[in-house]
Amino acid sequence: MKRRDFIKAAAGAAALWPAAVRAQTFPSRSITLIVPFAAGGPTDVLARILAEHMRGTLGQTVLIENVTGASGAIAGLRAARAAPDGTTLTIGHWGTHVLNGAVYSLQYDVLNDFEPVALVGNGPQLIIGKPKLPAKDLKELIGWLKENSNKATAGTAGPGSGAHVAGVFFQNLTDTSFAFVPYRGAGPALNDLMAGQIDIMFDQATNSLPQVRGGTVKAYAVTSRTRLASAPDIPTVDEAGVPGLYIAYWHAIWAPKNTPADVVAILNAAVRVALADPAVQRRFLELGQETPPPDKQTPAALKEHQTAEIAKWWPIVKAANIRAE
């Protein structure tokens, strides 16, 4: 798509283009999109899908930079300290831009040291179990966990990870007790689940759907109000008997604090044009991520959503005394 076509498309799809924004020349050079996890993971895959589409509409290369460590906190600091000119962005999620603020002693503020660009995807977790777990549904799983509280185990990607916090939330709602087994990432934990070394996991649908489809793990419920379009046979937590167990690994893009509003508007429009592409939507659905409705794709909507998530999850994390080791 040529730049003039991009401007027209953005204006039509998002009504975001005042004359002053359309007239200026940003971007005049390549843009770096910082990914806080290793290449090949769920966040990295989403970032590369978006980067490729944004490259075509912005007329500049969007480079992926994988900055790993500390559950995304190292990437967060790198992004927060970048020049606020729109050429450095970061993609993150519920863990990096909500939970990390309660789990780590950060050198930046997850909410106030960034300019929100756009919410890009919403992916619930799956409650999954090892292949030989006897429970046939979520109610039976809860019963089994209560009967085996002295030996039941749940794999996590480390203290304070999304899987850990989700497990604590699940325990609070179901009055169950089980031990958490930390791993260096969700991949190794999932491998041990498939091998029967641990019993359950609370995992991103993006990460575990292939194993569910392949029959190497059991899926008990999806942590959302509606079923996944890409896995309609998995019941919601409401249907499965644990109403209110809503957990979403939503993804979003941010710029450093004080990035000019007109630059943010251009970046937001580029993201929204990508999210409106049916091909992008199909690829997201295949990964267990649903694109948010247009009214939730604005910078203001992202700020409101992130603020509400902090208000919900920080008390849960702090009450459980979850701290990074």
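Set against the labelled values (i) 117; (ii) 142; (iii) 161, volume of the Cα convex hull per residue in Å³ computed from this structure falls on (i). Per-residue Karplus couplings for region 292-301, computed as 6.51 cos²θ - 1.76 cosθ + 1.60 with θ equal to phi - 60°, are listed in order as x, x, x, 6, 9, 9, 7, x, 5, 5 Hz, Gly and Pro entered as x. Between helix 138-147 and the chain there is an angle of about 50 degrees, using the helix long axis and the longest principal axis of the Cα atoms. Centre-to-centre separation between the Cα atoms of region 257-320 and those of region 172-214: 26 Å.
Averaged per residue, what accessible surface does region 186-316 expose to a 1.4 Å probe, in Å²?
Values: 5160 Å² over 131 residues.
Averaged over the residues of region 186-316, the accessible area is 39 Å².
Across the accessible surface of the chain, with the other protein chains kept in place and a 1.4 Å probe, carbon and sulfur atoms take up 52 percent. Against the chain, whose longest principal axis is taken from its Cα atoms, helix 162-174 shows a tilt of about 50°.
Among 308-320, 282-294, how do they line up by average Cβ neighbours within 10 Å per residue, starting with the highest? Don't jump to the answer; show the numbers that get you there.
Working: 308-320: 14.6, 282-294: 18.6.
Top to bottom by mean Cβ count within 10 Å: 282-294, 308-320.
In this structure the amide hydrogen of His251, modeled in the peptide plane, comes within under 5 Å of the amide hydrogens of Val120, Gly121, Asn122, Gly123, none closer than 5 places in sequence on its chain.
Restricting to Cα pairs below 8 Å that are 6+ residues apart, what does the relative contact order work out to for the chain? Please round to a whole percent. Reported as a whole number, the value is 27 percent. May I ask what percent, to the nearest 5, of DSSP beta bridges between residues of the chain are antiparallel? Antiparallel bridges make up about 60 percent of those DSSP assigns within the chain. Cα-Cα over 27 Å: which of Lys136/Lys318; Lys151/Lys218; Lys139/Lys303? In this structure, Lys136/Lys318; Lys139/Lys303 lie more than 27 Å apart at Cα.
Report summary: the helix-based calculation at 222 nm, which adds -39500 (n - 2.57) for every DSSP H run with n ≥ 4 and divides by the residues of the chain, gives -12500 deg cm²/dmol. Normalised per residue, the accessible area of region 50-121 is 32 Å², obtained with a 1.4 Å probe and no contribution from ligands, DNA or RNA. For Thr88, the amide hydrogen comes within under 5 Å of the amide hydrogens of Thr32, counting only partners 5 or more places away or on other chains and with H modelled in the peptide plane.
The slack between Lys296 and Ser177, meaning 0.36 nm per residue of separation minus the straight C-alpha distance, is 39.2 nm.
Taking 0.36 nm per residue of separation and subtracting the Cα-Cα distance, full extension of the segment from Leu111 to Arg283 would add 59.0 nm.
The values are calculated or read from the model by the stated rules, or taken from the named source; none is laboratory data. Here the structure is a predicted model, which means the values were calculated and not measured. Neighbour counts are summed over all protein chains in view; Cβ atoms, including those assigned to glycine, are modelled from backbone coordinates with ideal geometry. Remember, those area values only see protein heavy atoms, side chains included, never the ligands or the DNA or RNA. Shrake-Rupley method; radii C 1.70, N 1.55, O 1.52, S 1.80 Å.
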